[in-house]
Amino acid sequence: MSVLTRPEILDRIGTGDLAFSPTLDRFQLQPHAVDLRLGYKFLIPRNWTVDEKGRRAIKVAIDDVEAHREQFDEVHLQPGQYFDLLPNEFVIGTSLERIEMNAMDLMAILFPRTSTNRRGINLSLSGIIDTGYKGNLIFPMKNEAGDQVIRVYPGERVCQVMFQKLSATLTPEEANLHGVSAAKYTESGSQEFKLDKDEERERLISGKLDDLKKTFGI
């Protein structure tokens with residue numbers, strides 16, 4: 001694999017191999033990466049509820065967001081508003097940009113910006129953006145600055161993307177096949193958060209790993 005440089009990124013944008021909405025500005029273009037800006041949407045986990053049993057804690061794994069959306073407060077900010085990240089608070093943020101990976105010979109890797117980490121914001125991410133992906137990106141954010149409140153503004157550059165050229169071009173069918181079925185997040189313009197495949201999760205939860213390997217062996 002080879003990493004795309006600024007001129008190559010611009011060429012790919014010009015041909016439509018890469019697309020960003022809203023479009024990028026010159027602040028975002030780095031020598032071999034693109035900075036992404038923080039979006040207006042945040043999901044905040046609720047850690048307690050009151051029901052017939054009383055006031056009880058809510059424990060939700062991060063991959064269960066879609067199944068338990070009622071246990072998250074969804075915040076949509078307006079231009080000019082800010083978001084105070086409370087001490088030790090964990091939230092889910094989104095990218096301002098919708099990204100389209102239209103070229104079948106490209107993938108990307110998402111990293112936090114060092115300036116974001118220096119502020120005490122732990123993005124805890126280093127993820128792959130798959131060939132053919134279309135949608136906004138999501139990332140966990142946690143305030144690890146002690147007792148300090150960290151104020152963030154939509155539009156801040158918080159993470160960056162490096163684009164890599166594959167050693168061989170994939171077909172659209174190959175690019176969309178993740179495990180045994182289609183990718184979870186392709187065309188996720190709605191910024192939904194989906195679970196892993198039920199067939200896999202049910203076996204993992206019940207401890208049937210051997211059965212999983214046997215049923216879905218290569």
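The values are calculated or read from the model by the stated rules, or taken from the named source; none is laboratory data. Quantities reported herein were computed from a predicted structural model and do not represent experimental measurements. Cβ atoms come from the backbone with ideal geometry, glycine included; neighbour counts cover every protein chain shown.
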Options Ala145, Ala108, Ala103: the member that is touching a residue at least 40 places away in the same chain (Cβ under 8 Å), of a type in the set (A, V, I, L, M, F, W, C) and in a strand (DSSP E or B)
Ala108
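Residues are listed down the side, and each one gets a yes or a no for (1) under 22 Å from His76 (Cα atoms); (2) in contact with a helix residue (DSSP H, G or I) (Cβ under 9 Å, 6 or more places away or on another chain); (3) among the small types (Gly, Ala, Ser):
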position: Leu106; (1), (2), (3): no, yes, no
position: Ser115; (1), (2), (3): no, no, yes
position: Arg118; (1), (2), (3): no, no, no
position: Ile121; (1), (2), (3): yes, no, no
position: Ser124; (1), (2), (3): no, no, yes
position: Ile129; (1), (2), (3): no, no, no
position: Lys142; (1), (2), (3): yes, no, no
position: Ala145; (1), (2), (3): no, no, yes
position: Gln164; (1), (2), (3): no, no, no
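Just give me the residues in region 17-60 being small (Gly, Ala, Ser), within 22 Å of the chain's Cα centre (by Cα) and either farther than 18 Å from Pro140 by Cα or surrounded by fewer than 17 Cβ atoms within 10 Å (Cβ to Cβ) (or both), in sequence order. Steps first, answer last, please.
Step one: filter region 17-60 for residues small (Gly, Ala, Ser), giving 19, 21, 33, 39, 54, 57.
Checking which are within 22 Å of the chain's Cα centre (by Cα) leaves us with 19, 21, 33, 39.
If the condition is that a residue be small (Gly, Ala, Ser), within 22 Å of the chain's Cα centre (by Cα) and either farther than 18 Å from Pro140 by Cα or surrounded by fewer than 17 Cβ atoms within 10 Å (Cβ to Cβ) (or both), then Ala19, Ser21, Ala33 are the ones that fit.
Would you confirm whether any residue within region 129-148 is surrounded by 13 or more Cβ atoms within 10 Å (Cβ to Cβ), at pLDDT 80 or above, farther than 21 Å from Phe20 by Cα and of a type in the set (A, V, I, L, M)? If you could, list the steps in order and put the result at the bottom.
Filtering region 129-148 for residues surrounded by 13 or more Cβ atoms within 10 Å (Cβ to Cβ) gives 129-145, 148.
Filter once more, so that each one left must be at pLDDT 80 or above: 129-145, 148.
Checking which are farther than 21 Å from Phe20 by Cα leaves us with 140-145, 148.
Now restrict to residues that are of a type in the set (A, V, I, L, M): 141, 145.
Yes, region 129-148 contains at least one residue that is surrounded by 13 or more Cβ atoms within 10 Å (Cβ to Cβ), at pLDDT 80 or above, farther than 21 Å from Phe20 by Cα and of a type in the set (A, V, I, L, M).
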Residues located in region 1-16, provided they are surrounded by fewer than 14 Cβ atoms within 10 Å (Cβ to Cβ) and assigned to a loop (DSSP other than H, G, I, E, B):
Met1, Gly16
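Could you list all residues from region 121-140 that are assigned to a strand (DSSP E or B) and of a type in the set (Val, Ile, Thr)?
Keep residues of region 121-140 that are assigned to a strand (DSSP E or B), which gives 121-122, 127-129, 134-140.
Within region 121-140, Ile121, Ile128, Ile129, Ile138 meet the criteria.
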